[in-house]
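Scroll down for the structure; my scribbles are underneath it.
The values are calculated or read from the model by the stated rules, or taken from the named source; none is laboratory data. The structure displayed is predicted, hence computed values, not measured ones. FYI the Cβ positions are ideal-geometry reconstructions off the backbone, even for glycines, and counts take in every protein chain you see. The accessibility values were calculated without ligands, DNA or RNA, using every heavy atom of the protein model including side chains. Shrake-Rupley method; radii C 1.70, N 1.55, O 1.52, S 1.80 Å.
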Amino acid sequence: MKKKNCLIIVALILFTVVIAIIRVFTGIPKPTAGTLTLIVNNKETMVDPSKASKVEVSGTTVNSKGDKKEINTSGYALKDVITLSGAKDEDYTSVKVTASDEFSATLTKAEIDDGQRAFLIGESSDKGDVFFKLIVFGDSDSKRQVKNVARIELIK
């Protein structure tokens, strides 16, 4: 019985090593601090939003209770971040922005093209890690504010 358990453990270790080697040599992008996964035509690329032009972000968001919150900071237009991936206008009609906890929000291409509605704001954690928050202006309920954005998927 012990020999069988040892063989199972060794097989699982070998399987893990093989998967790790495949991942290293297939060139799958690995996330680094301050980067997001951007999916264009089912292909994943890593994008650093801070490489986009920084813009002033100011406006008012409204929560489900009707409470208003003034935002006055700097960040990156979502359209500019998408452009960093090399995506073209015809590559998408909407965008799904997903947080690390899988909460997501969908925006239309028109909202993104507006240039004054959808922004990524860089924030730092207590440990100094950089993460991004999606801010969408013009909603009657701020349910499309996504904290700790992990990936952006372009939908055709």
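Things to note:
- Members of segment 92-128 that are of a type in the set (Phe, Trp, Tyr) and farther than 18 Å from residue 52 by Cβ: 103
- Extreme residue, most open to solvent (accessible area, probe 1.4 Å), among residues of segment 132-144 that are modelled with pLDDT under 90 and not basic (Lys, Arg): 140
- You will find that of 75, 86, 59, the residue that is under 16 Å from residue 38 (Cβ atoms) and in contact (Cβ under 8 Å) with a residue 24 or more places away in the chain is 86 and no other.
- Residues (open to solvent by 30 Å² or more (accessible area, probe 1.4 Å), in a strand (DSSP E or B) and of a type outside the set (Val, Ile, Thr)) located in segment 91-131: 96, 104, 122, 123, 124, 131
- Where a residue in segment 114-131 is closer than 11 Å to residue 34 by Cβ and its partner, wherever it lies, is open to solvent by 80 Å² or more (accessible area, probe 1.4 Å), with Cβ under 7 Å and at least six apart: 129/33; 130/33; 130/124
- Criterion violated by residue 56 - all others in (1) farther than 12 Å from residue 121 by Cα; (2) open to solvent by 80 Å² or more (accessible area, probe 1.4 Å); (3) acidic (Asp, Glu) satisfied: (1)
- Residues (in contact (Cβ under 8 Å) with a residue 60 or more places away in the chain and either open to solvent by 40 Å² or more (accessible area, probe 1.4 Å) or among the aromatic types (Phe, Trp, Tyr) (or both)) located in segment 33-43: 33, 41
- Of all residues making up segment 64-74, the number that are surrounded by 10 or more Cβ atoms within 10 Å (Cβ to Cβ) and either of a type in the set (Ser, Thr, Tyr) or under 22 Å from the mean Cα position of the chain (by Cα) (or both): 3
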